[in-house]
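A quick write-up on the structure given underneath.
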Amino acid sequence: MNGTERISAILDALSREHGEGAYPGRSSEGLSPRWEPDPFHVLVATILSQRTRDDNTRKASDRLFERYGTMDEIASADIGDVAELIRPAGFPAQKAKAIVECCRILIRDYGRAVPSDTGELTKLPMVGRKTAACVRSYAMGIPSVCVDTHVHRMSNLMGLVDTKTPEATETELMGIAPEERWSDINRYMVRHGQTVCLPGRPRCDRCTVRALCDEGARRDPR
Ligand code: SF4
């Protein structure tokens, strides 16, 4: 089995196990009914999701969008007030400043539209390649490999890649996965990393892709 066949088989198995998989701002209670999964809301939720859990992202984005529902409202909001609303997501001062500034830039330079180009997206504050890929993938339907800590860690454990940085993982995964599966990588690996392949204590004994995983074989070399 070559790398393309292996990652396709892994994604098939994970999609059967995890159904809809991950989505920015989707908590254990599901997607928030308080905001639309459009590029603007997904961009803000993905910034909020940095270095925190889904439940905290959901809480912070709901609080923010209940008070300030539009890009214009956030752009003219008091940064301290925004920070207080998004406190559940952590790093409130840094994230509030970035979110307000993003809204101001999108209004001033992009006619209130979130750009789809990775180079343009990554000019925005707190938007790196991972956040850009999440917005493109989840809100715009553009195939993108969004590499967070789960995807980077598991791709190396599985032996799909041998990399030191998320950027290198992104490049390698784009080389082996069919383009139409790029967005599935984040969707399913993140959910698997949150529920089965836990950081530091993977539950290989109950893992559906154990036969396709190098680490699984090392732990049970039958
Ligand atoms: S077999 Fe173990 S290391 Fe491999 S993906 Fe499953 S839980 Fe993670």
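No value in this document is a laboratory result; all are computed from the given coordinates. All figures in this text were calculated on a predicted structure; none of them were measured in a lab. As a convention, Cβ positions derive from the backbone with ideal geometry for all residues, glycine included, and neighbour counts pool all protein chains shown.
Would you confirm whether any residue within region 81-94 is of a type outside the set (A, V, I, L, M) and touching a residue at least 40 places away in the same chain (Cβ under 8 Å)? Yes; the residues of region 81-94 include at least one that is of a type outside the set (A, V, I, L, M) and touching a residue at least 40 places away in the same chain (Cβ under 8 Å). In this structure, is Pro166 more than 12 Å from the ligand (Cβ to nearest atom), touching a residue at least 24 places away in the same chain (Cβ under 8 Å) and out of contact with any Leu (no Cβ under 6 Å at 6 or more places or on another chain)? In short, yes.
Listed here are the residues, each with its yes/no results for (1) within 7 Å of the ligand (Cβ to nearest atom); (2) surrounded by fewer than 19 Cβ atoms within 10 Å (Cβ to Cβ); (3) of a type outside the set (A, V, I, L, M); (4) within 16 Å of Gly3 (Cβ to Cβ).
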site	(1), (2), (3), (4)
Asp184	no, no, yes, yes
Tyr188	no, no, yes, no
Cys197	yes, no, yes, no
Pro202	yes, no, yes, no
Thr208	no, yes, yes, no
Ala211	no, yes, no, yes
Asp214	no, yes, yes, yes
Arg218	no, yes, yes, no
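Scanning region 81-115 for residues that are closer than 19 Å to Cys134 by Cα and among the aliphatic types (A, V, I, L, M) gives Ala89, Ala98, Ile99, Leu106, Ala113, Val114.
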